[in-house]
1. Does any residue of the stretch 188-208 turn out to be modelled with pLDDT of 80 or more and assigned to a helix (DSSP H, G or I)?
2. Can you confirm whether the stretch 9-17 contains a residue that is crowded, with 17+ Cβ neighbours inside 10 Å and either over 23 Å from residue 105 (Cβ atoms) or at pLDDT 65 or above (or both)?
3. Among residues belonging to the stretch 142-151 that are assigned to a helix (DSSP H, G or I) and either at pLDDT below 80 or assigned by TED's automatic domain parsing to the domain that holds residue 298 (or both), point out the one that is surrounded by the most Cβ atoms within 10 Å (Cβ to Cβ).
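The values are calculated or read from the model by the stated rules, or taken from the named source; none is laboratory data. Bear in mind the structure is a predicted one, so any value in this text is a computation, not a measurement. No Cβ is skipped: glycine too gets one built from the backbone with ideal geometry, and neighbour counts run over all protein chains shown.
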């Protein structure tokens, strides 16, 4: 059996740490409770491997965010109506469909029954439950406001999900259009054009220059199909590996903030996400420094993460939170002024929520504008690409009577 490390309080309420041999984390909690030890956290020691837990963690990767949002909403209603946490978890578990999330909820419910706090039970599943949710649950356990906090959390997650869908929808359209254009062009050049070539070669007809150029490209693509395929695959793999590296991520983050059309949309996304997260955390009673740390992790952009690192340094030095906003080009002067006003008046959470609402409206507008501009651009691109091939194919047809009579 593997060894587990634990943090707990003994029968005298003194804080202790140690290690215990057990079949699973729940078994470790049960053994410690028999000895009068109440655990606050249990984790696998480096000396052992809990294969069952590993399998469950892998299953947790397939949990959808919609399931977590629905879980938070259901639990919020039950807690608000006075249902104890353990009974609420049992009820949700009984009505859950079979799948990865039900297995996760089963583990969470058993951990709670074994004596772990709700936040610590959730903390075992970082791929399923976001850090913000765990922090809010810790704060709610201390303040006794779990029901309202869960309601606020589900509202936050729902808005966050809507924002992500907006961005994905705006980027999917041009990607699909580009793919269709390339596929159609490739089909014309590889399958249609060679048939025309056979007819004209058999008649010794002279082709128009555009058609000759296109024929040369087609012959090159067909004659070097394998090397071209290998080169494309190698380029794709190299690009994938590069983007997984820190330098690649930084390059991608820079492009998101500087490419026309994309930059406005992504800046509004990062600001909306950061302001909404900060507002939710501060209003939920989470410490300011902890709120900043969590906000830094949800931006998913190197330059905004660097900004929030600067915020942490400023706050630790006792300087004003809003000073960093004034010195950054990532936030508009208006946002800096609003944050400063919120900090001075003690209403930072309320101000940040208003900034998030305003930026969300700007994000909606940015997505609409991007779609409006990209649609004619994609149509023009497809028209030029596919149209050029089609014209090169059709030019000889105008003289096909002459060719066929030869």
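1. Taking the stretch 188-208 as the starting set, the residues that turn out to be modelled with pLDDT of 80 or more are none.
No - not one qualifying residue is present in the stretch 188-208.
2. Of all residues in the stretch 9-17, those crowded, with 17+ Cβ neighbours inside 10 Å come to none.
No, the stretch 9-17 contains no residue that is crowded, with 17+ Cβ neighbours inside 10 Å and either over 23 Å from residue 105 (Cβ atoms) or at pLDDT 65 or above (or both).
3. Quick first cut of the stretch 142-151, residues assigned to a helix (DSSP H, G or I) only: 142-143, 146-151.
Next, only the ones that are either at pLDDT below 80 or assigned by TED's automatic domain parsing to the domain that holds residue 298 (or both) stay: 142-143.
Numbers: 142: 10, 143: 12.
If we take residues in the stretch 142-151 being assigned to a helix (DSSP H, G or I) and either at pLDDT below 80 or assigned by TED's automatic domain parsing to the domain that holds residue 298 (or both), then 143 is surrounded by the most Cβ atoms within 10 Å (Cβ to Cβ).
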